[in-house]
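The values are calculated or read from the model by the stated rules, or taken from the named source; none is laboratory data. Please read all numbers here as calculations on a predicted model, not as lab measurements. Note: ideal-geometry Cβ built from the backbone for every residue, glycine included; neighbour counts use all protein chains shown. To get the accessible areas, we keep the full protein, side chains included, count just its heavy atoms, and leave off ligands, DNA and RNA. Shrake-Rupley method; radii C 1.70, N 1.55, O 1.52, S 1.80 Å.
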Amino acid sequence: ADARADELVAKAHRTTQVRYFSAEVNGLDIFYRDAGPRQAPVVVLLHGFPTSSHMYRELIPQLATRYRVIAPDYPGFGQSSAPSHLEYEYTFDNLTRAVDGLLASLDISRYTLYTFDYGAPIGYRLAMMHPERVMALLVQNGNAYEEGLQEFWDQFRRYWNEPTSANREALRPLLELETTIFQYVDGVPDTSLISPDTWTLDQARLDRPGNQEIQLDLFLNYETNVELYPAFQQYFRDFQPPTLIVWGANDFIFPVEGALAFQRDLPDAELHLLNTGHFALETDGELIADLIHRFLARHVSPQQ
């Protein structure tokens, strides 16, 4: 019995170890984290702004006991290539192509998508491109509705309507440490649960030479995501992917109205509103992992 127990423990350890790779995609090095059994159903974790796949550092081993987990960094983020914004066009279409190319290079053609923040418009683009590949959606503060764009987004709308240098510069404070910390702690009842390492690492990457211009380009291009909201919603209506929504209900950036709006087009979606903020994994990671396991056990078979 002891030998059998040792074997099971060793097997679980092997499958939950996280490995770190980089693949060449369209001339760029795309970094990704990879864990879990190679033949298991795949879960793709799509990070937000201003972070990277590092935001999933604790969720990955929790999911990798049963699933193969892939978490990429987009161009300009994390450990992936970050060419100058004068050399590479930073658009959400191009970020999507980078993720799609990475999955193709790994021969991954079926997956569940975890969509958060910037990862939402990237994930929903992938879903529209390849609806046959999407087994399920895990939505965590990943907006797709106008209701989810409230006061915080007024400053962006000014830039979209008039993309002047002045309106661009007005958004630069969003790339400073004070705002990065705000994204993590706003709406969180117990901020002692948030490690300062999170915003310290994110800010170090934002402060790399040239990275602010990359992010300001993406701020401008974010308008294309809003323009695609009707298409995203049509995808939801047409394909009805099994969907789990876990939403930090105190999020100022993507308020709770954005979560509730999904129910119009996905009436069977499972919805959980959590008493936390934007980066809900930092405070409610164990609960979210448990909800994901229960949801995928019902909707994604091990053979898929």
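Within region 250-263, which residues are closer than 25 Å to R298 by Cβ and either polar (S, T, N, Q) or in contact (Cβ under 8 Å) with a residue 24 or more places away in the chain (or both)?
Of the residues in region 250-263, the ones closer than 25 Å to R298 by Cβ are 256, 258-263.
Selection gives G258, A259, L260, A261, F262, Q263.
Looking at region 156-174 only, could you name the residues that are touching a Phe, Trp or Tyr at 6+ places or on another chain (Cβ under 9 Å) and surrounded by fewer than 20 Cβ atoms within 10 Å (Cβ to Cβ)?
Of all residues in region 156-174, those touching a Phe, Trp or Tyr at 6+ places or on another chain (Cβ under 9 Å) come to 156, 159-160, 167-168, 170-171, 174.
Within region 156-174, F156, W160, N167, R168, A170, L171 meet the criteria.
Taking T276, is it of a type outside the set (D, E, K, R), open to solvent by less than 50 Å² (accessible area, probe 1.4 Å) and more than 25 Å from A127 (Cβ to Cβ)?
On the way: of a type outside the set (D, E, K, R): yes; open to solvent by less than 50 Å² (accessible area, probe 1.4 Å): yes; more than 25 Å from A127 (Cβ to Cβ): yes.
So T276 passes the test.
If you go through region 18-64 one residue at a time, how many are open to solvent by 10 Å² or more (accessible area, probe 1.4 Å), assigned to a loop (DSSP other than H, G, I, E, B) and under 16 Å from A280 (Cβ atoms)?
Counting residues in region 18-64 that are open to solvent by 10 Å² or more (accessible area, probe 1.4 Å), assigned to a loop (DSSP other than H, G, I, E, B) and under 16 Å from A280 (Cβ atoms) gives 3.
Would you pick out the residues in region 253-270 that are in contact with a helix residue (DSSP H, G or I) (Cβ under 6 Å, 6 or more places away or on another chain) and open to solvent by 50 Å² or more (accessible area, probe 1.4 Å)?
Within region 253-270, just E257 meets the criteria.
Whether any residue in region 197-215 is over 21 Å from Q79 (Cα atoms) and surrounded by fewer than 13 Cβ atoms within 10 Å (Cβ to Cβ) is what I want to check.
Going through region 197-215, the residues over 21 Å from Q79 (Cα atoms) turn out to be none.
So far as region 197-215 goes, no, none of its residues is over 21 Å from Q79 (Cα atoms) and surrounded by fewer than 13 Cβ atoms within 10 Å (Cβ to Cβ).
Pull up region 227-238, narrow it to residues that are touching a Pro at 6+ places or on another chain (Cβ under 9 Å) and hydrophobic (A, V, I, L, M, F, W, C), then point me to the one that is least open to solvent (accessible area, probe 1.4 Å).
Restricting to residues being touching a Pro at 6+ places or on another chain (Cβ under 9 Å) and hydrophobic (A, V, I, L, M, F, W, C), the top hit is F232.
Filter region 105-126 down to residues that are surrounded by fewer than 20 Cβ atoms within 10 Å (Cβ to Cβ) and assigned to a helix (DSSP H, G or I), then give me how many there are.
Taking region 105-126 and keeping what is surrounded by fewer than 20 Cβ atoms within 10 Å (Cβ to Cβ), we get 105-110.
Filter once more, keeping what is assigned to a helix (DSSP H, G or I): 105.
Going through region 105-126 one residue at a time, the tally reaches 1.
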